[in-house]
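The values are calculated or read from the model by the stated rules, or taken from the named source; none is laboratory data. Please read all numbers here as calculations on a predicted model, not as lab measurements. Here the Cβ is made from the backbone with ideal geometry for all residues, glycine too, and neighbour counts use every protein chain on show.
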Number of protein chains: 2
Amino acid sequence: MTLYFEDLTPGRVFKAGPVSVDATEVHDFALRYDPQPFHLDAAAGEASVFGGLVASGWQTAAYSMRMLAASELNTIANGLVGLQIDKMMWHQPVKPGDILTAEFDVMGRKHSRSKPGFGVVQLAWRTFNQRGDLVMSLENAIWVATRDSAAAA
Amino acid sequence: MTLYFEDLTPGRVFKAGPVSVDATEVHDFALRYDPQPFHLDAAAGEASVFGGLVASGWQTAAYSMRMLAASELNTIANGLVGLQIDKMMWHQPVKPGDILTAEFDVMGRKHSRSKPGFGVVQLAWRTFNQRGDLVMSLENAIWVATRDSAAAA
């Protein structure tokens with residue numbers, strides 16, 4: 001079962017997850033990509049604006065991508081190819097031990113003017129913790145092949 | 001030397017990098033967070049819209065964060081605390097062996113209405129490869145303490 005532009009009707013919702021926020025993974029990611037004290041050390045986290053050790057916001061995005069890539073949306077014909085991200089916000093800290101889930105809502109779509117056989121689909125990502133708190137949200141334009149183009153190939 | 005809101009005058013530019021895009025790191029990141037064939041396998045990459053194995057767009061963001069966290073901006077009093085990302089775009093594929101640099105431009109700023117002693121600073125991130133091609137750009141609002149608040153503490 002392959003998803004094409006025609007299948008991504010506005011209002012359709014794809015649920016994904018859960019993933020567990022692993023303490024070792026949080027430490028490794030921070031050390032490589034975002035080595036700030038509040039991502040690496042419990043005492044520094046407690047002294048920070050977050051009041052505790054928190055995952056890098058980029059790691060929350062990466063975990064959300066993991067959930068997206070394991071969702072039904074991973075059957076999009078040409079893969080998950082992002083064009084643009086807007087309104088990416090971190091609403092609540094994410095901490096080791098949290099369990100995340102995500103929802104991907106189709107907000108709108110349009111055929112490409114520059115590339116026949118493709119369209120741009122607008123997705124809203126929302127990531128939640130185990131208490132149902134929204135921890136991250138964003139809007140994401142992706143590039144999706146049309147079924148017509150596949151039939152013609 | 002600590003940076004406060006007052007120091008981040010519009011027009012100021014912070015340069016950062018380089019970082020090398022390491023083939024093992026690209027593979028590990030993709031396996032964990034974005035396991036799509038065109039991020040994991042050379043043949044699948046060649047058959048994809050990218051025409052070759054490419055790093056996850058989220059990894060390019062993570063490498064850019066690494067450069068930011070190693071730049072002079074890592075001396076911001078309260079750390080690098082992101083509020084929002086907009087207009088994040090991937091302009092060119094990033095491939096193993098590429099060497100990335102980044103520029104962080106102060107675009108604007110305003111005092112916080114809700115939290116005295118803090119302000120919001122707008123940064124433009126631009127990430128380039130070794131040929132000078134822009135590979136990623138975004139706009140990022142960050143949360144920065146004022147010098148006045150530090151003096152009063």
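For the reader, a short list of remarks on this structure follows.
- Within region B:97-111, none of the residues are part of a loop (DSSP other than H, G, I, E, B), touching a residue at least 12 places away in the same chain (Cβ under 8 Å) and within 14 Å of chain A (Cβ to nearest Cβ).
- For the residues B:I76, B:I85, the requirement of being out of contact with any Lys or Arg (no Cβ under 7 Å at 6 or more places or on another chain) and either among the polar types (S, T, N, Q) or modelled with pLDDT of 95 or more (or both) singles out B:I85.
- Residue in region A:117-124 that is closer than 30 Å to B:G51 by Cβ, at pLDDT 95 or above, touching an Asp or Glu at 6+ places or on another chain (Cβ under 7 Å) and not in a strand (DSSP E or B) present: no
- Considering residues of region B:84-128 that are farther than 30 Å from B:T24 by Cα and under 12 Å from the mean Cα position of the chain (by Cα) only, the residue surrounded by the fewest Cβ atoms within 10 Å (Cβ to Cβ): B:D105
- Residues of region A:126-143 satisfying the condition of being in contact (Cβ under 8 Å) with a residue 60 or more places away in the chain and of a type in the set (A, V, I, L, M): A:V135, A:M136, A:L138, A:I142
- Identity of the residue in region A:39-48, within 10 Å of chain B (Cβ to nearest Cβ) and either touching a Gly at 6+ places or on another chain (Cβ under 8 Å) or of a type outside the set (A, V, I, L, M, F, W, C) (or both), that ends up farthest from B:R66 (Cα to Cα): A:S48
- In region A:26-38, the residues that are at the interface with chain B (Cβ under 9 Å from one of its Cβ atoms), buried (at least 20 other Cβ atoms within 10 Å of the Cβ) and at pLDDT 95 or above: A:F29, A:Y33, A:D34
- Residue in region B:113-125 that is nearest to the other protein chains (Cβ to nearest Cβ), counting only those that are under 23 Å from A:M136 (Cα atoms) and in contact (Cβ under 8 Å) with a residue 12 or more places away in the chain: B:F118
This table checks each residue for (1) of a type in the set (A, V, I, L, M); (2) more than 9 Å from chain A (Cβ to nearest Cβ).
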| site | (1), (2) |
| --- | --- |
| B:F50 | no, no |
| B:I76 | yes, yes |
| B:L80 | yes, no |
| B:L83 | yes, no |
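- Within this structure, B:V135 fails the test of being part of a strand (DSSP E or B), away from chain A (no Cβ under 13 Å), within 17 Å of B:L3 (Cα to Cα) and under 15 Å from the mean Cα position of the chain (by Cα).
- Selection of region B:52-63 for residues being under 23 Å from the mean Cα position of the chain (by Cα) and more than 8 Å from every other protein chain (Cβ to nearest Cβ) yields B:L53, B:V54, B:A55, B:Q59, B:T60.
- Failed condition for A:A44, given (1) at pLDDT below 95; (2) touching a Phe, Trp or Tyr at 6+ places or on another chain (Cβ under 8 Å); (3) closer than 30 Å to B:A44 by Cα: (3)
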